[in-house]
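Below: the structure, in structure tokens.
The values are calculated or read from the model by the stated rules, or taken from the named source; none is laboratory data. Source: prediction; values computed, not measured. Don't worry about glycine lacking a Cβ; one is built from the backbone with ideal geometry, like all the others, and counts go over all protein chains shown.
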Amino acid sequence: MGKPQKLSSILWLCHLTNLYFISSASSSCLVDFGYVNTLPWKKSTCTDQPIDKVNCCQTIQSLLGVGLAKYLNKTSMFYFPDSQTATSCMSDFNRRLTSLSINVSCTSGLYDELVVNRTSNCGGITTLEDWKKEVGLSELDSTCNGELLTPTRCNACSDAGQRVAPTLASMKANSTRCFFYTCLYAAGIVNQDGPEDIATASCILGLAMVESASKKKNVVYKIVFGSLGAILGVLTTWGLIILYQKLKEGRRLAALREEYVRGVKAKVLPNTGAKWFHVDELEQATKGFSKKNLIGQGGFGVVYKGTLLDGTIVAVKQLLDMDINGDDQEFTNEAEIISKIRHRNLLALRGFCVTSDASKGNRRYLVYDFMPNGSLDEHLFNDEQEDSISRPPLDWPVRQKIIIDVAKGLAYLHYGIKPAIYHRDIKTTNILLDSEMKARLADFGLAKQTTEGESHLTTRVAGTYGYLAPEYALYGQLTEKSDVYSFGIIILEILSGRKVLETSSTSSRLLITDWAWDHVKSGNVDGIFDIRMGESGSKAVMERFVHVGILCAHVMVALRPTISEALKMLEGDVEVPMLPDRPLPLSHESLRYIPQLATSTVDTSGGRSSLGISGSRSSSDISKARSSI
């Protein structure tokens, strides 16, 4: 990127040590390497005798960079997704070189890196979406987006890359080779002429060009600029007119932004008891929304830790991807619902913030009490999380109390207020723990409030993979027992320390309820319990909790208890009924070759995880389930 001879070596050293795979994809190559034959690159480096292999390989690797930048533009991925794609693309590329009588072996080492080296990374970025979330707009977007023929323009782009790369590297520990990212992004995404343009390939990717080609293009541009100079007076006049229109449009947009803020505030019920914060207060509290204060990130937003002027520690949730005409449903839904409820097992909302300006667009924030012990997910699955804080394992009394707390919070939503509220997204990451390890149910962005007298809602499916009840996932039929199903999954996760879905040695997906049912049916209930709980609880009580979890997460809605009934069972006030049989899971040997048993998949709203119906059933079982829903 600029200073071609100096920086191309840096670029490709980065490239040789960073490529790895992110998922399984098509085995065919999506890159058209026709530019190898059409670009006026300096082939003499690899044909003149004696061949200088170092310079030749450097040129060939820069040539391949054009294809990688094209691949990023087409797929939004910084890497080839699998070994088949890498093999196909390298074969195509080598065939092009062979057609030019270039047979220098430069790409075998590169191919080895494509296939073998899967550990290096830069700030955890693997896709263009990752880049936008982590970096957003940067100097590259303004300095590398125009014609790069002149040294001034090229050097400005190069210098921007040199400054952005260290910023990328600081985002995550052990980040390496970040200059490689800046080069691919600048050539493949930012520059409108694309990586196959002579100036782009030469300046950003360091590809040596035949001198005459560059001179010819310079002559063309001189002619063009000379012509433009002749009509400069006309353009100046038109420019003044356009400037006036832009100023007028700017005033109109400013009025729209003010109207937008007023409109969102009007949607949130008045007199909720929550405070309207000014964005300056939140910026000061979070130290400018510093990455050091980032404590969580999900499909709808990011959460920062902050300290208000009075010393109160809060969690500030910023909703993402909101434009001037954006849908405010997520924000207003959570603001209205959580503002109306007060319960010791529900996360309290302190206030809101809505702002809009020309530089940063629309921004929406929700301010909550800070939960110092984080989420339940961090405690149960701490060993599986990168950069996690070391937390002691939860013993049985704490886990028992968390289950009861969640049940009480849900019971309040279903029966403590009218009309009832269905949460729709109960999972371990949405259960937060305060300083006394008391559980609080959080994140009401997907919650639905019923109308008085309604037995169920029919709505678009939204939620998280594995936690959704079958009748809701299949038909969009939402009832209080849809939340009960998710609660049953939570009970079993807490007791076992096992995630809702696990991949067995046969590569089949096994739902935690099927796994737990197999243990209960075989008389091995002890095999369910997380060994980290120790011997601190009554086996009879723990077994009762297992039975309640299996019953709550039964595939047939008619066999599930209400949350009030489940709470009484958990507290020992009523007996747990005999567990009904469960249909066979998809992973069962007798069902392996039945084609109807494919896992159902439905996209969820708002960019949340897609949901799946795991432990799929035979057609007769599905018919039984439908008749009972």
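Quickly run through region 409-427 and pick out the residues that are in a helix (DSSP H, G or I) and in contact with a Lys or Arg (Cβ under 8 Å, 6 or more places away or on another chain).
The answer is G409, and nothing else.
Collect the residues in region 132-155 that are touching a residue at least 40 places away in the same chain (Cβ under 8 Å) and touching a helix residue (DSSP H, G or I) at 6+ places or on another chain (Cβ under 6 Å), keeping them in residue-number order.
Scanning region 132-155 gives L140, D141, C144, N145, L148, L149, C154.
Looking only at region 104-161, how many residues end up being modelled with pLDDT under 75, loosely packed, with under 15 Cβ neighbours inside 10 Å, of a type in the set (S, T, Y) and under 30 Å from I51 (Cβ atoms)?
1
Being of a type in the set (A, V, I, L, M, F, W, C) and touching a helix residue (DSSP H, G or I) at 6+ places or on another chain (Cβ under 6 Å) is the filter here; which residues of region 42-63 pass it?
C46, C56
Residue pairs, Cβ under 7 Å, 6 or more apart or interchain, first in region 90-106 and farther than 17 Å from K42 by Cα, second in a helix (DSSP H, G or I). List them.
Here the result reads M90/Y111, each pair linking region 90-106 to a residue that is in a helix (DSSP H, G or I).
Read through the list (1) at pLDDT 80 or above; (2) in a loop (DSSP other than H, G, I, E, B), then give the number of the only condition that C183 fails.
Single failed check for C183: (2).
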